[in-house]
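The values are calculated or read from the model by the stated rules, or taken from the named source; none is laboratory data. Everything quoted here is computed from the prediction, not taken from an experiment. FYI the Cβ positions are ideal-geometry reconstructions off the backbone, even for glycines, and counts take in every protein chain you see. Ligands, DNA and RNA are stripped out before the accessible areas are found, and what is left, the full protein with its side chains, is counted by its heavy atoms. Shrake-Rupley method; radii C 1.70, N 1.55, O 1.52, S 1.80 Å.
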Amino acid sequence: MIISNFIDGNFIPPIENRMMDDSNPANGAHIAMMPRASALDVDAAVLAAKRALPQWSALTMIERADWLDKIADALEEIKEEIAQTESLDTGKPISIARSVDATRSISNFRFFAKFARSQEPLIFEMSDATNHVHTSPLGIVGLITPWNLPLYLLTWKVAPALLMGNCIVAKPSELTPLTADLLAQTLQRIQLPDGVFNLVHGLGPEVGQAILEHPDIAGISFTGGTATGRIVARTAAPLFKKLSLELGGKNATIILDDANLDTVVPGAVTAAFTNSGQVCLCGSRILIHQSIYDEFCKRFVEQVDAMIIGDPSDESTQMGSVISMEHLQKIESYIDLAVEEGGEILSGGSRAMTGPLDSNPDAAFIRPTVIGGLSHLSRTSTEEIFGPVVTLHSFTTDDEAIEMANCTEYGLAGSIWTEDAERGKELAERVESGIVWVNTWLHRDLRTPFGGVKNSGVGREGGRWSLSFFSEMTNICVKH
Ligand code: NAD
């Protein structure tokens, strides 16, 4: 398979004709050739977006909401293809690609279409004047996304950006370009006006950087690692571009003394190992009250040992590969570091290949790994690994749990598990984090603010926060 950039409604090869390889991390097999585009392609995409902007932004929000529903309908028709493609490109189990990636990619469009229809004009009356808040699009926006939830995270930005009347230049991760290509094919099929959505494939420092630097791109919505986020901020801030940064995490799962282990243990396993621990929201540090620590560890390790790891295309597989051999080596280096720091490997810790994947040196599998005995301040316990590795820690008081939860540079998400929901909610207010779940994890209402504090990001996405990011507001005060 050969994929191309999508510019001005057409699939076209990169101007400098450089291509690169896309492979399946579960077996190392080549799956596609993709563009290694350059700043020249970004220029062409921006030009197309510029031409499309006057007509697209002149539609009413309701007309654009109708387009979002049309996109959702069209994606629905290829839902299984989206899931299969995502599983192939990422190494994630097909069951997750179906229930999470494909489903949510479609519901992102549906949600924003419906949300748009519930918006009321913003009007503030004074005794002698009326204020009307008028929104207009930012213009051309750059969307840069990671590999862990490729179409899910891209559509989370595309839907509100289109809704608010913007034209798009998007760059998906170079590790997972295929479902973005499927989206472009879909938009071409339903005849979204040319130039409204443009896709440029390639490397971050080349295509991504060109998007950040382009003077005609007014806003950047970036999801990725904290280190890259620093580069994004450093480049885009002096150009006064509007910026949304959704970055890394090292999230705490806090288990209080009154928690019911029958529900908590499976909840903590899911929070730790969904998508091989490659979800920014994964609970990779588990803080357990001392009184239940031993019992929790025993049950947690039993459930982790029983997880089915293997061929992502197998319906029963619970954990597939990680994203690449390079990432696998990074994860292994953290497991080595954990041992150096005095940690004890309670489960996993080594490469895992099963069935036909046995002995394939290019299959990026690692067993879900549980580590005890580390200080909560150790590097293993505070740095983002972004893989199937969790550390377990015990605490004795709520204050100590909060201090441990807040001890990293990150502040994206967390969860608290207790039989006393009110106590959980009160404690949640003390966690330095953008999202805290009580007795659940990754339970999402798309109207709510999503984002991180500290080095996990700047700004919020979701519901009205997305609409606000992708628009400019003019307050028009009319004297009576
Ligand atoms: P990454 O930062 O390496 O890459 C993200 C995107 O940025 C890719 O498209 C990449 O090509 C691009 N990029 C790289 N260098 C660039 C540059 N100089 N200029 C512009 N773009 C550049 O991240 P990743 O490895 O793809 O994803 C994993 C990270 O993403 C983890 O840290 C994870 O926590 C984070 N993440 C955060 C969220 C969130 O919502 N907060 C969601 C998913 C993933």
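The table that follows gives values for the structure above.
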{"quantity": "Residues within segment 431-456 that are within 11 Å of the ligand (Cβ to nearest atom) and either of a type in the set (Phe, Trp, Tyr) or in contact with a Cys (Cβ under 9 Å, 6 or more places away or on another chain) (or both), tallied", "calculated": "3"}
{"quantity": "Those residues of segment 196-206 which are out of contact with any Ser or Thr (no Cβ under 7 Å at 6 or more places or on another chain) and either aromatic (Phe, Trp, Tyr) or open to solvent by 50 Å² or more (accessible area, probe 1.4 Å) (or both), in sequence order", "calculated": "Phe197, Pro205"}
{"quantity": "Odd one out for Ala116, checked against (1) more than 21 Å from Leu247 (Cβ to Cβ); (2) open to solvent by 30 Å² or more (accessible area, probe 1.4 Å)", "calculated": "(2)"}
{"quantity": "Leading residue by the ranking (farthest from the chain's Cα centre (by Cα)) among those in segment 147-172 that are buried (at least 24 other Cβ atoms within 10 Å of the Cβ) and not hydrophobic (A, V, I, L, M, F, W, C)", "calculated": "Asn166"}
{"quantity": "Selection count where residues are open to solvent by 10 Å² or more (accessible area, probe 1.4 Å), touching a helix residue (DSSP H, G or I) at 6+ places or on another chain (Cβ under 8 Å) and farther than 14 Å from Arg444 by Cβ, scope segment 88-105", "calculated": "3"}
{"quantity": "Some residue of segment 13-36 being open to solvent by 10 Å² or more (accessible area, probe 1.4 Å), of a type outside the set (A, V, I, L, M, F, W, C), assigned to a helix (DSSP H, G or I) and in contact with a Ser or Thr (Cβ under 6 Å, 6 or more places away or on another chain)", "calculated": "no"}
{"quantity": "Residue list for segment 293-327, restricted to those being of a type outside the set (S, T, N, Q) and without any contact (Cβ under 8 Å) to a residue 40 or more places away in the chain", "calculated": "Asp294, Glu295, Lys298, Arg299, Glu302, Ala306, Ile308, Glu326"}
{"quantity": "Within segment 229-249, tally of residues that are open to solvent by 60 Å² or more (accessible area, probe 1.4 Å) and within 8 Å of the ligand (Cβ to nearest atom)", "calculated": "1"}
{"quantity": "Any hit, segment 325-340, residues being outside the structural domain of Ile31 (by TED's automatic domain parsing), part of a loop (DSSP other than H, G, I, E, B) and modelled with pLDDT of 95 or more", "calculated": "no"}
{"quantity": "Scan of segment 250-263 for residues that are buried (at least 24 other Cβ atoms within 10 Å of the Cβ) and either over 17 Å from the mean Cα position of the chain (by Cα) or more than 10 Å from the ligand (Cβ to nearest atom) (or both), ordered by number", "calculated": "Ala252, Thr253, Ile254, Ile255, Ala259"}
{"quantity": "Unmet requirement for Ser276, which otherwise passes all of (1) assigned by TED's automatic domain parsing to the domain that holds Pro150; (2) within 21 Å of Ala306 (Cβ to Cβ); (3) of a type in the set (Gly, Ala, Ser)", "calculated": "(1)"}
{"quantity": "Residue within segment 378-388 that is surrounded by fewer than 21 Cβ atoms within 10 Å (Cβ to Cβ) and β-branched (Val, Ile, Thr) present", "calculated": "yes"}
{"quantity": "Test for Thr223: is it within 9 Å of the ligand (Cβ to nearest atom) and closer than 30 Å to Glu63 by Cα", "calculated": "yes"}
{"quantity": "Answer from Ile123, Ile78 - the residue that is among the hydrophobic types (A, V, I, L, M, F, W, C), in the same structural domain as Ala236 (by TED's automatic domain parsing), free of Cβ contacts under 8 Å to residues at least 40 places away in the same chain and surrounded by fewer than 24 Cβ atoms within 10 Å (Cβ to Cβ)", "calculated": "Ile123"}
{"quantity": "Extreme residue, farthest from the chain's Cα centre (by Cα), among residues of segment 196-206 that are more than 8 Å from the ligand (Cβ to nearest atom) and of a type in the set (A, V, I, L, M, F, W, C)", "calculated": "Val196"}
{"quantity": "Residue identified as part of a helix (DSSP H, G or I), open to solvent by 10 Å² or more (accessible area, probe 1.4 Å) and more than 9 Å from the ligand (Cβ to nearest atom) among Gln188, Gln209", "calculated": "Gln188"}
{"quantity": "Some residue of segment 270-277 being open to solvent by 10 Å² or more (accessible area, probe 1.4 Å) and away from the ligand (no atom under 15 Å from the Cβ)", "calculated": "yes"}
